[in-house]
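**Q** Got a structure here, written out as structure tokens. Questions coming.
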Amino acid sequence: MSSPNLYLIYISSLFFSFHLWVLKSQETPCNPNDLKALNGFSSCLEPNVLGWNNSNSVSDCCTWTGVTCNDSASRRVVALELGQKNLYGTICDSIVGLNQLRILNLSHNQLHGSLPTKLFRMEKLEILDVSDNRFVYRIPEELPLSSSIWYVNVSKNGLFGSIGENLCKNSSSSNIKVLDMSMNFFGEVQQGLSNCTSLQYLMINGNNFRSLPRGIFQMMQNLRVLHLQNNSFSGTLDHGIGHLLNLVELDISSNSFTGVFPDVFGSLGKLEKFTASSNNFNGALPTSMLNSPSITTLDLHNNSLNDPINLNCSAMTKLRSLHLGSNKLYGSILHNLSSCKSLNILNLGHNNLDGQIPESFKNLNALTVLSLSRTNLVNLSSTLKILQHFKNLTVLMLSENFQGEQIPDDAYFQFRSLKVLSIAYSELRGLMPPWLLGCNGLQFLDLSTNHLFGTIPLGFNKFKYLFYLDLSNNSFTGEIPKGLTQLQALIDIDISLLGTPLGFPLFSTGIDGATFCYNNIISFPPTLDLSYNMLSGTIWPSFGNLRRLHVLNLKENRLRGSIPESLSGMKNLETLDLSHNKLSGKIPESLVLLSFLSKFSVAYNELYGEIPMGGQFMTFPSSSFERNNGLCGGPYIPCSLQQAPVDESPSEAMTVFGPQFGFGVATGFVLTIIVCFMSGWILPRETTFKYRCFTSRSSHHD
């Protein structure tokens with residue numbers, strides 16, 4: 001069996017065998033030494049394990065939650081399985097008193113502190129799983145494993161140090177088959193790891209490793225799964241990989257490997273999955289890789305490979321998933337790819353290819369996912385005519401191609417299985433094509449940054465599962481179709497149940513310029529983006545029905561009228577951008593109820609009145625409200641200094657510089673002169689006050 005989850009079958013079968021040993025009779029209490037050890041273990045937990053009674057008077061610990069005893073007369077504890085029990089606390093040394101324990105599973109809890117070194121030396125222990133906790137501990141270099149242990153999982157903790165020097169120091173301790181130390185802070189792989197000759201599964205991904213000892217794989221010929229991804233490995237890939245004759249899965253992605261791939265894949269006759277994405281590999285692919293009869297998944301995306309695509313599909317008969325995107329591959333999309341008849345995922349996007357899809361692509365009957373974005377393709381009409389023959393095609397990414405072409409309006413195109421379609425950033429011209437309305441299963445549609453014009457069709461309410469629509473940066477006119485407020489996926493469908501795996505990462509740029517990586521379509525935030533068009537009319541109050549919508553972007557249009565109070569019904573809304581329109585009226589107070597709203601803008605409109613206070617509105621910057629001359633309130637424009645526009649006709653508005661103003665100024669001047677004469681400010685009684693009035697007036701003009 002080639003699956004990396006094979007070791008889970010081992011564990012499950014062993015767990016099951018232990019449970020068969022549970023006694024039919026519960027009359028004999030458990031061993032007193034085991035009872036003492038369990039009580040000591042429980043004393044370090046907060047709170048105690050649910051279902052345990054720690055009173056010494058209740059001595060049958062074999063009935064406690066997660067405890068399994070054998071069928072011997074002494075009823076010894078042989079398994080302690082407390083995974084996912086929300087345990088908090090530390091592991092006391094008293095646990096080693098369970099000297100007949102064979103299975104210890106404390107995974108997926110909140111345990112912290114250090115791991116007792118004696119755990120790894122328990123004479124009978126076979127399975128040790130303390131993964132997904134909060135242990136912070138330096139693994140001692142001198143630590144040898146007990147000869148009985150064959151499965152160790154300490155992943156997803158805060159462990160650090162080096163591994164391997166004495167792990168399999170003795171020949172009797174080289175029985176370990178599964179070692180998972182992934183997602184910790186280990187920093188060095190020691191040569192001694194090569195003594196673990198029985199290893200079949202080695203997962204050390206997600207650490208701080210920088211290098212591997214030369215020849216470390218020479219003696220590890222039983223390895224079936226090797227995960228080295230998400231570390232800091234650099235330099236060239238060791239030719240010693242070719243010694244791993246039984247290797248089924250190899251993942252070295254997200255490191256800093258350089259150079260060319262070693263031509264050793266001919267000796268890896270069982271290799272099914274090879275992933276080396278996001279490194280710095282360059283040059284051509286080795287001949288042995290391009291002719292491998294065993295590989296089913298080949299993922300080399302995001303490197304610097306610079307060669308034509310020369311796959312020998314006649315030899316690679318089992319190839320199902322090919323990812324060569326984001327490299328520097330050049331040449332045309334070769335006809336020989338049509339011989340890979342088992343291929344169902346193909347990603348060649350972001351390369352220096354050219355030409356158009358050949359007619360022979362019709363032979364790829366199994367294709368479900370296709371990405372050819374930014375490959376300099378031409379002739380969109382021909383491309384769609386060919387691709388519609390793929391009856392199982394669910395994902396089609398064609399963005400940044402066909403520059404300036406006319407989008408075909410052939411109503412007979414049929415893509416009935418299509419769930420994801422992206423033809424963005426292509427400067428396509430024309431109307432929204434009618435054949436799109438036949439893609440009833442669409443979940444994701446991106447036609448942004450083109451030159452499409454006319455009105456948005458009315459039939460969007462037929463797309464029951466559509467939860468992501470981006471028509472931004474086009475020239476659409478007319479009103480927003482009311483059907484967009486009736487999308488069931490944004491009203492009451494749980495989109496997490498839809499699930500359309502991409503088979504490769506897809507990057508998206510948010511409103512604020514941040515870049516996000518997605519591996520599944522349902523990871524995208526439910527979105528309606530109609531920004532940067534010429535849409536007119538009002539904002540439908542029924543937008544408030546879209547309770548599952550996360551992003552609503554109507555920026556840079558010609559929308560008028562008020563902001564509906566009902567928008568507060570979009571309970572999951574995170575982004576609302578209504579800026580650069582001609583909206584009027586007040587900002588609805590009800591919007592403070594949008595507790596998830598983190599990005600909000602109504603800038604450059606004609607709004608007035610007081611900015612709502614409370615909720616997320618206390619966190620929005622002044623730029624969210626700028627260029628609305630009638631808005632006030634909040635920490636930006638005190639309403640005492642800002643007067644909202646008064647709805648008066650020009651004839652009824654107050655005239656500031658009129659006859660009344662002139663009469664008032666003249667009267668005030670005369671009264672001021674009289675007061676000055678009477679007070680003596682102009683003709684003072686004493687010489688000492690001669691210049692007082694002059695001095696006062698001079699100060700006023702300064």
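Just so it is clear, none of the values below were taken in a lab; they were calculated from the coordinates. In this text, all values refer to a predicted model and were calculated from it rather than measured experimentally.
**Q** Using alpha carbon coordinates only, what is the Rg to Rh ratio of the stretch 369-479, with Rh defined as the Kirkwood radius? Walk me through the numbers before you get to the answer.
**A** On the way: Rg = 12.8 Å, Rh = 13.9 Å.
Reported Rg/Rh (Cα atoms, Kirkwood Rh): 0.92.
**Q** Let me ask something additional. With N set to the number of residues, divide the alpha-carbon radius of gyration of the stretch 83-200 by 2.2 N^0.38 Å and report two decimals. Please list the in-between numbers first.
**A** Numbers: Rg = 13.3 Å, N = 118, 2.2 N^0.38 = 13.5 Å.
Compared with the compact-globule rule of thumb, the stretch 83-200 sits at 0.99.
**Q** Translational D (Stokes-Einstein, µm²/s) of the stretch 250-289 at 4 °C and 1.567 mPa s when Rh comes from the Kirkwood sum over C-alpha pairs?
**A** 120 µm²/s
**Q** Cα centroids of the stretch 589-607 and the stretch 286-321: how far apart, whole angstrom?
**A** 51 Å
**Q** If I stretch the segment between Gln190 and Thr90 completely, what's the gain in nm (0.36 nm per residue apart, minus their alpha carbon distance), one decimal? Walk me through the numbers on the way to the answer.
**A** Values: separation 100, 0.36 × 100 = 36.00 nm, distance 2.88 nm.
Residue separation times 0.36 nm, minus the Cα-Cα distance, leaves 33.1 nm.
**Q** Taking amide H positions as placed 1.01 Å from N in the peptide plane, with prolines and chain starts having none, which residues 5 or more places from Phe135, or on another chain, fall under 5 Å of its amide H?
**A** Amide H neighbours of Phe135, under 5 Å, 5+ apart: Gly158.
**Q** So what's Rg/Rh here for the stretch 172-244, counting alpha carbon atoms and using the Kirkwood radius for Rh? Each step should come with its number before you reach the end.
**A** Details: Rg = 11.6 Å, Rh = 12.4 Å.
With Rh from the inverse mean 1/r over Cα pairs, Rg/Rh is 0.93.
**Q** Also, quick follow-up: Percent of Cα-Cα pairs per 5 Å bin, from 0 to the last occupied bin, for the stretch 158-287, please list those.
**A** Pairs per bin, as whole percents: 2, 11, 20, 26, 22, 12, 5, 1, 0.
**Q** A follow-up question, please. If the viscosity is 1.567 mPa s and the temperature 4 °C, what Stokes-Einstein diffusion coefficient in µm²/s follows for the stretch 446-641 when Rh is the Kirkwood radius over Cα pairs? Before the final figure, lay out each step's value.
**A** Values: Rh = 17.4 Å.
Reported coefficient: 75 µm²/s.
**Q** Quick one: check the C-alpha center-to-center distance for the stretch 196-260 versus the stretch 116-176, whole angstrom.
**A** 20 Å
**Q** Remind me, relative contact order of the stretch 446-641 in percent, using alpha carbon pairs under 8 angstrom and six or more residues apart?
**A** Details: 482 pairs, mean separation 27.7, N = 196.
Relative contact order for the stretch 446-641 comes out at 14 percent.
**Q** Amide H neighbours of Gly478 under 5 Å, counting only residues 5+ apart in sequence or on other chains, H built in-plane at 1.01 Å?
**A** Answer set, sorted by chain and number: Ser536.
**Q** Could you calculate the contour length gain from Gln110 to Gln218, that is, 0.36 nm times the residue separation minus the distance between their Cα atoms, to one decimal place in nm? Could the numbers behind the result be given before it?
**A** Values: separation 108, 0.36 × 108 = 38.88 nm, distance 3.85 nm.
Result: 35.0 nm gained on full extension.
**Q** Percent of Cα-Cα pairs more than 24 Å apart in the stretch 243-331, please.
**A** Percent of Cα pairs beyond 24 Å in the stretch 243-331: 10.
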